[in-house]
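All remarks here apply to the structure that follows.
Bear in mind these aren't lab numbers, they're just calculated from the coordinates by the rules spelled out. Treat the numbers as computed from the prediction; the structure is a model and nothing was measured. Cβ coordinates were reconstructed from backbone atoms using ideal geometry, including for glycine residues, and neighbour counts include every protein chain displayed.
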Amino acid sequence: MTAFAGCGLAYQAGTRIKATRMSDSIQVGQTSPEVHHAWGEPDLRTYLPGDTEVWSYPYKPNSNDLTAALLYTSSKDGDKGTFLDLKFVGGKLVSWQEAEHTVPARGHTGFSMGINGGPIGNGTQTQPGAVHY
């Protein structure tokens with residue numbers, strides 16, 4: 001049991017380090033592909049009107065679930081936490097800040113595989129709303 005608790009705590013520490021490094025190194029004007037290449041896929045993508053996207057990377061995930069914080073290695077549906085939100089307009093980074101989110105249900109159920117690095121489920125969604133990857 002202790003070994004499993006270590007995994008969750010390591011994940012918590014790793015996400016904080018990553019989000020802190022990201023916040024210190026990203027710059028206004030970077031393109032979404034540049035950010036994606038450097039930092040990977042966000043946990044959440046929110047599509048807003050006006051060619052605006054908000055990418056949310058975990059900072060302090062699983063704040064409402066002690067078991068998840070100790071045992072799990074990623075956020076799951078319904079978990080609350082603090083995220084680093086990156087706002088893109090027209091594919092360019094315009095701002096970032098910490099924000100509280102509840103992870104929405106994924107757009108698919110069961111086991112899936114993606115080919116060519118594309119999104120799984122409804123990750124191609126472009127209407128307003130949040131998508132959990």
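Worth a mention:
- 3J(HN,Hα) from dihedral phi, segment 19-32, Karplus parametrisation 6.51/-1.76/1.60, rounded to Hz, x for glycine, proline: 5, 5, 4, 4, 4, 6, 10, 6, 9, 3, x, 4, 7, 4
- Here Ala38 and Glu100 are evaluated by their C-beta separation; at R0 = 22 Å the FRET efficiency comes out at 0.35.
- Distance in nm between pseudo-label sites at Thr31 and Asp51 (7 Å out along the Cβ direction from Cα): 1.3
- Packing rank of 91-102, 47-58, 23-34, where each peptide gets the mean count of other beta carbons within 10 Å, highest leading: 47-58, 91-102, 23-34
- Per-residue extension of 0.36 nm, minus the Cα-Cα distance of Lys92 and Asp24, leaves a gain of 22.7 nm for this segment.
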